[in-house]
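The values are calculated or read from the model by the stated rules, or taken from the named source; none is laboratory data. Nothing here was measured: the structure is a model prediction, and the numbers come from that model. Please note: Cβ atoms are built from the backbone with ideal geometry, for glycine as well, and neighbour counts cover all protein chains shown. Ligands, DNA and RNA are excluded from the accessible area calculation, which covers all protein heavy atoms including side chains. Shrake-Rupley method; radii C 1.70, N 1.55, O 1.52, S 1.80 Å.
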Amino acid sequence: MYVDLDGTLLGRGASLLRDGEGNVSIEGVRAIQTCMRADVEVVLMSGRRRAQMFEDARLLGQSSYIYEAGACVVLDGEEHWLTGDRWNIGQQPGELTIAEQIERSGAPALLLERFQGRLEYHEPWHVEREVSHLFRGLVDAFEVDALLAEHGHGDLRLVDNGVVNRRSPALAELEHVRGYHLLPAGASKAGGVAWHRRARGYAREETFAVGDSREDMACAAKVETFWLVANAVERDPSIREALAKYENARVTEAGHGTGVYEAVVSTLMT
């Protein structure tokens, strides 16, 4: 199982033990427990940083994970970068990280200027990142990608990673706020899933994925079944239109961890 964290497995306050309303719930734990008892590997996939994902995976007893929205896959502790040849991963002393290279390209400044009042950095989680620049706001990702290409940044893309709860007063008038990652165009969660599946030797029909965003949804092309948790539709009804193009995509009846548990049980029973 490839499973997203924020807005999917985790509930209010990014807690594994709370649902979307903040009530105590252990259904997310039961989802992981069921997978482990059935000898199903659980691979966390998230826009979170490496240090966060390392601890998250370790707490769940897992050795592989996908971080920074698919920029890198960790397989049994070994990193495998999926950012393409254009970007130096900057692991040697004195070398720039990909995030620093993107900063110097001027692309983040371009977006913040063009979409003032609609886009801002997702404080405080935007710092100490190795690859992506993390924003929040409400923009059309396709419009942003066209703007990037127009200004010579076609090797970057903006990824819509779902609804977030925090915003500054500058974004107070927006209907809702979404999280976005600016990262190398070749990096994606779907790419990370495909790479991990090949590395493990899993057939497509042996895998499934659960998520809450359009970026997660792209993983449907790489697995047998993709499950979208119900809270994703509740917050953004238009996501059903995007979901319709995947014949193997389903929507759970419940949200967050309970939805993940539903996806696990439903999948393992078929």
Could you sort ASP85, ASP56 by accessible area so the largest value comes first, with the probe set to 1.4 Å? ASP85, ASP56
Report, to one decimal in Å, the Kirkwood hydrodynamic radius for the range 1-66 based on all distinct Cα pairs. 12.0 Å
Could I get the Rg over Rh figure for the range 195-235? Both from C-alpha atoms, Rh via Kirkwood, rounded to two places. 1.05
For the residue pair GLU55 and TYR202, what label-to-label distance in nm results when each label sits 7 Å from Cα along the Cα-to-beta-carbon direction? 2.6 nm
Report, to the nearest 10°, how far helix 189-200 tilts away from the longest principal axis of the Cα atoms in the chain, using its own Cα long axis and a range of 0 to 90°. 50 degrees
If amide H atoms are modeled at 1.01 Å from N in the peptide plane, then the residues at a separation of 5 or more from HIS122, or on another chain, having amide H under 5 Å from its own are LEU134, PHE135, ARG136
What do the square roots of 5 times the Cα gyration tensor eigenvalues come to for the range 132-187, in whole Å, largest first, as semi-axes of the equivalent ellipsoid? 22, 12, 8
Simple Cβ-charge dipole of the chain, Lys/Arg +1 and Asp/Glu -1, about Cα centre, in debye nearest 20: 200 debye
Report the label-to-label distance for GLU95 and GLU150 in nanometres (one decimal), using points 7 Å from each Cα along the Cα→Cβ vector. 3.5 nm
Here the range 98-112 yields Karplus 3J(HN,Hα) values (6.51, -1.76, 1.60; θ = phi - 60°; whole Hz; Gly and Pro given as x) of 4, 4, 5, 5, 5, 4, 5, 5, x, 5, x, 4, 4, 5, 5
Put one equal scatterer on each alpha carbon of the range 93-155, apply the Debye formula with no solvent term, and list log10 I(q)/I(0) at q = 0.15, 0.16, 0.23, 0.24 1/Å to two decimals. -0.47, -0.54, -1.06, -1.13
Restricting to the chain, compute how many DSSP beta bridges are antiparallel as a %, nearest 5. 60 percent
Compute the accessible area per residue over the chain, keeping the other protein chains in place, probe 1.4 Å, unit Å². 47 Å²
One computes Rg over Rh for the chain from alpha-carbon atoms, with the Kirkwood Rh, and obtains 0.95
Potential lengthening between ILE26 and ASP76 on full extension [0.36 nm per residue; Cα-Cα distance subtracted]: 15.3 nm
Of all GluC sites (Glu not before Pro) in the range 1-45, which ones are in loop regions per DSSP and have a Cβ with at most 16 other Cβ atoms within 10 Å? GLU21, GLU41
For the range 95-228, what proportion of DSSP beta bridges, expressed in % and rounded to the nearest 5, is antiparallel? 80 percent
For the range 217-270, just say rounded, prolate or oblate: build the C-alpha gyration tensor, square-root its eigenvalues into a ≥ b ≥ c, call rounded for a/c under 1.5, and beyond that prolate if a/b exceeds b/c, oblate if not. oblate
GLY47's amide H: which non-local residues (gap 5+, or another chain) put their own amide H closer than 5 Å, with H modeled 1.01 Å from N in plane and none for Pro or chain starts? ALA69
For the range 149-270, take the alpha-carbon Rg, divide it by the Kirkwood Rh, and send me Rg/Rh. 1.01
Carbon/sulfur accessible area of the chain, % of total, 1.4 Å probe, equals 48 percent
I need the shape label for the range 1-112. Rule: rounded when a/c is under 1.5, else prolate if a/b > b/c, else oblate, with a, b, c from the alpha carbon gyration tensor. oblate
Relative to the compact globular guide of 2.2 N^0.38 Å, what is the alpha carbon radius of gyration of the range 51-181, as a ratio? 1.12
If ligands, DNA and RNA are left out, what is the accessible area of TRP227 with a 1.4 Å probe, given in Å² to the nearest 10? 30 Å²
Put a dot 7 Å past each Cα toward the Cβ at ALA244 and ALA170; how far apart are the dots in nm? 3.7 nm
Residue-wise HN-Hα coupling along the range 251-260, computed from phi with Karplus coefficients 6.51, -1.76, 1.60 (Hz; x: Gly, Pro): 10, 6, 6, 10, x, 6, x, 5, x, 5
The range 48-98 - Debye-derived log10 I(q)/I(0), Cα point model, q = 0.15, 0.18, 0.20 Å⁻¹: -0.43, -0.60, -0.71
